[in-house]
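Worksheet: the structure to be examined is printed underneath.
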């Protein structure tokens, strides 16, 4: 059965994003569409990778994480599955293939996530990995059933940078779906790279308080 898999990548650091795109090009399943939200503010156009179906939106300002996610979801085309990826991660070779398997295996799977390592030396497929229900959200590499995602309201503008993944977590569960993690689907995460460059740590406390108020 053929599926259509789209990708959204908000980019702050182009060098990190290039490594992510390399890892996408090396995957066993190549996405049908990759939409880059270029927050880098670089004066030149984002270098499009000729190996991949990349489209670039350059807002001309740093929208922040949540606004970039909202824009990407609004602008991406119809698909079966949609991955939202940080620019500071590198994917294992079977990232998309394994997510498709998880969605097909678990009928209540609304969001599929990979396992994470924090050293590039550990980036390899784990044949002993198992699929588990997630007990907390992880927002650096998550894939949605697109039909479910389209029913979730956009992240409120009051949430500047943080808690967007909490928003998706809450609404996924409200609609009777769960998040699953394939612990054999491994990605490398350079933790905090984009956040440090954006200088948004001061927003964390405020966004958490805002989320508690909005979400009840």
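Per-structure values
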item	result
Rounded D (µm²/s) - region 63-176, Kirkwood Rh over Cα pairs, Stokes-Einstein at 25 °C, 0.890 mPa s	163 µm²/s
Length added when fully stretched, residue 173-residue 97, from 0.36 nm per residue minus Cα-Cα	24.9 nm
Among beta bridges that DSSP assigns inside the chain, antiparallel share in %, nearest 5	35 percent
Full-extension gain in nm, residue 61 to residue 158, via 0.36 nm per residue minus C-alpha separation	33.2 nm
Förster radius 30 Å - calculated FRET efficiency between residue 27 and residue 135 (Cβ-Cβ, nearest 0.05)	0.65
Using alpha carbons only: equivalent-ellipsoid semi-axes of region 1-115, gyration tensor based, whole Å	24, 15, 12
Extension gain from residue 214 to residue 18, taking 0.36 nm per residue of separation minus the Cα-Cα distance	67.0 nm
Rough spin-label spacing in nm, given labels placed 7 Å along Cα→Cβ, for residue 106 and residue 206	3.6 nm
Tensor-based shape of the chain (alpha-carbon gyration tensor, a/c under 1.5 rounded, otherwise prolate or oblate)	rounded
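Bear in mind these aren't lab numbers, they're just calculated from the coordinates by the rules spelled out. Just so it is clear, the structure is predicted and the values come from calculations on it, not from any experiment. Please note: Cβ atoms are built from the backbone with ideal geometry, for glycine as well, and neighbour counts cover all protein chains shown.
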